[in-house]
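**Q** Below is a structure I'd like to ask you about.
The values are calculated or read from the model by the stated rules, or taken from the named source; none is laboratory data. Keep in mind that this is a model prediction, so the values were computed, not measured. Note that we place each Cβ from the backbone using ideal geometry, even for glycine, and neighbour counts take in every protein chain shown. These area figures cover heavy atoms from the full protein model, side chains too; ligands, DNA and RNA do not enter into them. Shrake-Rupley method; radii C 1.70, N 1.55, O 1.52, S 1.80 Å.
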Amino acid sequence: MTIKLYDQDSHRKHFTATVRTCAPAGEGKWQVELDQTAFFPEGGGQPADGGTLGGHNVLDVQEAGDSILHTVDGPLEPGTQVEGDLDWPLRFRRMQCHSGEHIISGLAHSLYGCTNVGFHLGENEVILDFDQELTAEQLEQLETLANQIVAENRPITAEYPDPEVLKTLDYRSKLDLTENVRIVTVEDCDVCACCAPHVSRTGEIGVIKLLDAMRHRGGIRIWMAAGSMALEDYRVKQKNVAAISAALSVKQPEAAQGVERLLKEREALALALKEARQALTLQKLQTLPETKGNLVLFEDDLDANSLRALANGGMEKCAGICAVFTGSDKTGYRYVMGSKTVDLRAQAKQINTALQGKGGGQPTMIQGSLSADRAAIEAYFA
């Protein structure tokens, strides 16, 4: 059995242990068992700790029965004592987030009867899944109350109650547990079965921020951050807001209104451009010559509607096929072809094969794209 030092003291950063076994675990890797460890193994939705062991990097930590196995990038001699050092900033960051999650989940359970059915602690966000939907107002209330609990600096404790005592406890758990159950308690907020290390008092969390939410499998999925993770998230977003406000020449609190104004201006310009293209298309149709053969037109930057409009008008002025193209030899061409005399659906395969294209449609009109150059296209329809 490996003694779990992280259970005794979640803030222990350095420890000494005896190497029990060391076995190869793939190229450049060894799996080490110690008599005791402060490295938390992956579990309960939280990744394994990192750091160094005997001067080697700890790549992974996993629980195997009563033992904890450390994957390291160098061999360690069985029977020797080695020193272990945790990547403390990473461990503390995760403890802040995991303890913050307990507060949010405990409040959601007590206030709204929600059950936490999913938890994942990532490097830049924490994901929580609840079995019920919550409104924006309820989420805001959760966040406000959670940060009040953080500010009150309440104690957080972890213990293994006796089985008889455990039977009397009202605690949250995703599994039906009966023995060796570790109970983490946030004073007057949450009691939950959890194997992970936590901060000792809520004040260590610093801040809890709900980042986003969406409906998920009949309930809700919430993205949150806490502590240093929340600070990093705020810094990134503040830099983005500052850049947007500078680009739009508005104050930072007015960045959203500035973007909204820009989008409305863009919509107005898009409408004006559409109307201009329609007018240009009409003018182009009026100047098209009548021909007994095919009519081939190349136009710059036409949208699908303008392509179809030109093809529709052009097929009235030619006895063959009116083929309209937009694009370039470098990027390829989009096309719409129309005809009153040629079954274009029947001819589509032949046209696309000859001009390295793809597309199809109705007997009177087909559309698609091709990669042949302009000279080849003009030669084909000549």
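**Q** Answer yes or no: is there a residue in segment 164-173 that is under 16 Å from Ala108 (Cα atoms), open to solvent by less than 10 Å² (accessible area, probe 1.4 Å) and not aromatic (Phe, Trp, Tyr).
**A** Let us first name the residues in segment 164-173 that are under 16 Å from Ala108 (Cα atoms), namely 170-173.
Checking which are open to solvent by less than 10 Å² (accessible area, probe 1.4 Å) leaves us with none.
No: segment 164-173 contains no residue that is under 16 Å from Ala108 (Cα atoms), open to solvent by less than 10 Å² (accessible area, probe 1.4 Å) and not aromatic (Phe, Trp, Tyr).
**Q** Further question on the same structure: Could you list all residues from segment 89-138 that are charged (D, E, K, R) and assigned to a helix (DSSP H, G or I)?
**A** First, the residues of segment 89-138 that are charged (D, E, K, R): 91, 93-94, 101, 123, 125, 129, 131, 133, 137.
Passing the criteria: Arg91, Arg93, Arg94, Glu101, Glu137.
**Q** Looking only at segment 349-382, which residues are within 39 Å of the chain's Cα centre (by Cα), open to solvent by 80 Å² or more (accessible area, probe 1.4 Å) and within 12 Å of Met337 (Cα to Cα)? Break it down into steps so the answer makes sense when it comes.
**A** Of segment 349-382, the ones within 39 Å of the chain's Cα centre (by Cα) are 356-361, 367-371.
Of the ones still in play, those that are also open to solvent by 80 Å² or more (accessible area, probe 1.4 Å) are 356, 358, 367.
Answer for segment 349-382, where residues must be within 39 Å of the chain's Cα centre (by Cα), open to solvent by 80 Å² or more (accessible area, probe 1.4 Å) and within 12 Å of Met337 (Cα to Cα): just Gln367.
**Q** It is to be established whether one or more residues within segment 314-321 are closer than 15 Å to Asp373 by Cα, touching a helix residue (DSSP H, G or I) at 6+ places or on another chain (Cβ under 8 Å), in contact (Cβ under 8 Å) with a residue 12 or more places away in the chain and part of a helix (DSSP H, G or I).
**A** Our first condition is that a residue be closer than 15 Å to Asp373 by Cα; within segment 314-321, this holds for none.
Scanning segment 314-321, I find no residue that is closer than 15 Å to Asp373 by Cα, touching a helix residue (DSSP H, G or I) at 6+ places or on another chain (Cβ under 8 Å), in contact (Cβ under 8 Å) with a residue 12 or more places away in the chain and part of a helix (DSSP H, G or I), so the answer is no.
Conditions tested, residue by residue: (1) of a type outside the set (A, V, I, L, M); (2) touching a strand residue (DSSP E or B) at 6+ places or on another chain (Cβ under 9 Å).
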position: Lys284; (1), (2): yes, yes
position: Leu295; (1), (2): no, yes
position: Phe325; (1), (2): yes, yes
position: Asp329; (1), (2): yes, no
position: Asp343; (1), (2): yes, no
position: Gln367; (1), (2): yes, yes
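**Q** I would also like to ask the following. Please go through segment 134-163 and give me each residue that is of a type in the set (A, V, I, L, M), farther than 14 Å from Leu107 by Cβ and either in contact with a strand residue (DSSP E or B) (Cβ under 9 Å, 6 or more places away or on another chain) or free of Cβ contacts under 8 Å to residues at least 12 places away in the same chain (or both), ordered by number. Explain how you work it out, then say what you get.
**A** So the first thing to find is which residues in segment 134-163 are of a type in the set (A, V, I, L, M), and the list is 134, 136, 139, 142, 145-146, 149-151, 156, 158.
Still in the list and also farther than 14 Å from Leu107 by Cβ: 136, 151, 156, 158.
Hits for segment 134-163 are Ala136, Ile156, Ala158.
**Q** Give me a count of the residues in segment 286-297 that are within 12 Å of Met337 (Cα to Cα) and open to solvent by 30 Å² or more (accessible area, probe 1.4 Å).
**A** From segment 286-297, those within 12 Å of Met337 (Cα to Cα) are 294-297; that's our starting set.
In the following step, the residues that additionally are open to solvent by 30 Å² or more (accessible area, probe 1.4 Å) were identified as 294, 296.
Residues in segment 286-297 being within 12 Å of Met337 (Cα to Cα) and open to solvent by 30 Å² or more (accessible area, probe 1.4 Å): 2 in total.
**Q** If I go through segment 74-93 residue by residue, how many of them are surrounded by 14 or more Cβ atoms within 10 Å (Cβ to Cβ) and of a type outside the set (Val, Ile, Thr)? Let's see the steps before the verdict.
**A** Taking segment 74-93 first, the residues surrounded by 14 or more Cβ atoms within 10 Å (Cβ to Cβ) are 74-76, 82, 84-88, 90-93.
In the following step, the residues that additionally are of a type outside the set (Val, Ile, Thr) were identified as 74-76, 84-88, 90-93.
Residues in segment 74-93 being surrounded by 14 or more Cβ atoms within 10 Å (Cβ to Cβ) and of a type outside the set (Val, Ile, Thr): 12 in total.
**Q** State all residues of segment 202-243 that are crowded, with 18+ Cβ neighbours inside 10 Å, farther than 17 Å from Arg93 by Cα and not hydrophobic (A, V, I, L, M, F, W, C); if no residue qualifies, say none.
**A** Hit for segment 202-243 is Gly219, nothing else.
**Q** Applying the selection to segment 29-46, what residues are at pLDDT 95 or above and either open to solvent by 30 Å² or more (accessible area, probe 1.4 Å) or part of a strand (DSSP E or B) (or both)?
**A** Lys29, Trp30, Gln31, Val32, Glu33, Leu34, Asp35, Gln36, Thr37, Glu42
**Q** Evaluate the following for Gln283: is it under 30 Å from Leu142 (Cα atoms), surrounded by fewer than 16 Cβ atoms within 10 Å (Cβ to Cβ) and without any contact (Cβ under 8 Å) to a residue 40 or more places away in the chain? Can you show your working first?
**A** Values: under 30 Å from Leu142 (Cα atoms): no; surrounded by fewer than 16 Cβ atoms within 10 Å (Cβ to Cβ): yes; without any contact (Cβ under 8 Å) to a residue 40 or more places away in the chain: yes.
Here the answer is no, as Gln283 does not meet what is asked.
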